Amino acid sequence: MTHVSAQARWELRTQRPLLVLAVAFALAYAVPIVDDDAGHAVNLTCTVTEWVVWGAFATDYLIRLALAPRRRDFVRTHWPDLCAVVLPMLQPLRLLRLVSTLMLVGRRARMASQIRLTTYVGGTVVGLLMFGSLAVLSVERDSPNGNIRTLGDAVWWSFTTMTTVGYGDHAPTTGMGRVLAVGLMLSGIALLGVVTANIAAWFISRFEKDDVEERRQTAAIEALTEEVRALRAEVTALGGTPGLLPRPLPSGTEEPSGSTP
């Protein structure tokens, strides 16, 4: 029976609850941006929800650290998690909570072996498009020289930026908006590389399978050839003539009269 560590059991049990909290964070982050006229109560509720979700991920990190058999190794190998936990404490901005939560969700999602690479990449693309659009809209909407005023403009800008097309019809004018643009461009290039590598690996695996099957058939033919040679050698050793071995008669055909029984 395979021994499962306490840390692995904790990560398995908390995988789905943390993803649900991440969805709650997404809603809490999006509502005040999409609904610019939201009241104070709605904004306060969303802010509290964001901090609660971040606190849940921070608690998860501390518990995993406590359950880790080698804590120093855990901190060294999970340093992005630590940065994501500490980041919002340095400067309590909503954008920092957004970045930290995205980092923590991504790190925890990669631990789930049942999540395939294609699903992970697709979810990452959707998440980056959504949060990138909301983030740039929140920092560019009130800019005097900005031209990203609506959610549709922000989504179009995020899509063209992630694909590195960059039509230029919408562009950030603030410093934070340009930082977001750099992050989306780098993320788009990285995701494109992952998809390309995945497709190339699939083709290589197919070619390897075909090559293995061809080698197996070749080996089988060589084995049969060796068996035929061995049989011919045995017949020759018994005094027969391998080239004049009698062939079996077709079914229903009688032997000619006078033949030796």
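Quick notes on this one:
- Within segment 64-82, being touching a residue at least 24 places away in the same chain (Cβ under 8 Å) and loosely packed, with under 14 Cβ neighbours inside 10 Å holds for P69, P80.
- Segment 152-184 - residue that is aromatic (F, W, Y) and touching a residue at least 12 places away in the same chain (Cβ under 8 Å) and, of those, farthest from V34 (Cα to Cα): F159
- Within segment 131-151, tally of residues that are in contact (Cβ under 8 Å) with a residue 40 or more places away in the chain and basic (K, R): 1
- Any hit, segment 58-76, residues being in contact with an Asp or Glu (Cβ under 9 Å, 6 or more places away or on another chain) and hydroxyl-bearing (S, T, Y): yes
- Some residue of segment 201-222 being more than 27 Å from the chain's Cα centre (by Cα) and among the hydroxyl-bearing types (S, T, Y): yes
- Residue count for segment 2-42 satisfying the condition of being assigned to a helix (DSSP H, G or I), among the hydrophobic types (A, V, I, L, M, F, W, C) and under 25 Å from the mean Cα position of the chain (by Cα): 14.
- Screening the candidates V125, V121, V105 for the property of being within 18 Å of the chain's Cα centre (by Cα), among the β-branched types (V, I, T), surrounded by 19 or more Cβ atoms within 10 Å (Cβ to Cβ) and modelled with pLDDT under 85 yields one hit, V105.
- Among (1) assigned to a helix (DSSP H, G or I); (2) without any contact (Cβ under 8 Å) to a residue 40 or more places away in the chain; (3) among the hydrophobic types (A, V, I, L, M, F, W, C); (4) in contact with a helix residue (DSSP H, G or I) (Cβ under 7 Å, 6 or more places away or on another chain) - the single one V52 does not satisfy: (4)
Matching residues to (1) charged (D, E, K, R); (2) over 30 Å from V125 (Cβ atoms); (3) touching a Phe, Trp or Tyr at 6+ places or on another chain (Cβ under 7 Å):
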site: A201; (1), (2), (3): no, no, no
site: D211; (1), (2), (3): yes, yes, no
site: I221; (1), (2), (3): no, yes, no
site: A233; (1), (2), (3): no, yes, no
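- Segment 164-213 - residue that is among the aliphatic types (A, V, I, L, M) and not in a helix (DSSP H, G or I) and, of those, farthest from R149 (Cα to Cα): V165
- Neighbours by Cβ (under 9 Å, 6+ apart or cross-chain): first from segment 12-38, closer than 21 Å to I148 by Cα; second at pLDDT 80 or above and not in a helix (DSSP H, G or I): I33/R141; D36/R141
The values are calculated or read from the model by the stated rules, or taken from the named source; none is laboratory data. In this text the structure is predicted, and so the values were computed from the model without any measurement. Cβ atoms come from the backbone with ideal geometry, glycine included; neighbour counts cover every protein chain shown.
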